[in-house]
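The values are calculated or read from the model by the stated rules, or taken from the named source; none is laboratory data. Computed from a prediction, not measured in an experiment: that's the story for all the values here. Here the Cβ is made from the backbone with ideal geometry for all residues, glycine too, and neighbour counts use every protein chain on show. Just so you know, the surface numbers come from the protein's heavy atoms only, side chains and all, with ligands and any DNA or RNA stripped out. Shrake-Rupley method; radii C 1.70, N 1.55, O 1.52, S 1.80 Å.
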Amino acid sequence: MVVIRFLACVGIVACGCGPALAARTPAPLLAPRHDVTVAYSFTPAGRAPMDITVAVAAGGQKLHVRGDDLPVVMVIDRAAQVAQLMLPIAAAYATVSITGQDPERAFLRDAHFTRGAGRRVAGLACTDWTAVRAADHAQACITSDGVILDGSVTTKSHGTSRVKALRVSQAPLAREMFSVPSNYTSTGAFPVPMFDPGQ
């Protein structure tokens, strides 16, 4: 579950926080105000970098994650606290809980935020923010409209994972990309290992 855990924790897939964070001062905007698709270089802790593409619906509640090095396509619904892992070659999918992986509930709600300097990533302006909670900490460069362009998450139990935007598109997204195709069959598990269970 390393990919789900990282994407949820760093906030590039969670890409949003609720009213509890909105009321904190200072705190960055983490929910994109508009549809956005970001191509990232993603480096899980202890692993080689891989390219992934994350499409986020306005508001940050629904996400679509894909990549040539990922064994599945993921659709994440933060409100329902589930991820649907789709295997296109078999027209099959499995639904898994992501309860406990949402950054607002698991990390950011009690974190202390510090604002840093501004810079540019993938041609866009962003501001560096650091969030610290106990032994865990995260860093992200975030645009004024809530898009994370560069970031890392370090936890005592899982080490450091990193992400950096390569390209950003703000084109509108089709709603159907955030749901499983109607011709897919639900299955409890796939016949190939998808993630290292030790992560």
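Numerical summary
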quantity	calculated
All positions within the stretch 140-156 that are closer than 21 Å to ALA48 by Cβ and free of Cβ contacts under 8 Å to residues at least 24 places away in the same chain	THR154
Unmet criterion (only one of (1) modelled with pLDDT of 90 or more; (2) assigned to a loop (DSSP other than H, G, I, E, B); (3) open to solvent by less than 10 Å² (accessible area, probe 1.4 Å)) for HIS34	(3)
Matching option when the condition is open to solvent by 40 Å² or more (accessible area, probe 1.4 Å), out of contact with any His (no Cβ under 6 Å at 6 or more places or on another chain) and within 19 Å of ARG33 (Cβ to Cβ), among ALA165, ALA135, ALA122, ALA140	ALA122
ALA48, sole failed condition from (1) open to solvent by 10 Å² or more (accessible area, probe 1.4 Å); (2) aliphatic (A, V, I, L, M); (3) assigned to a strand (DSSP E or B)	(3)
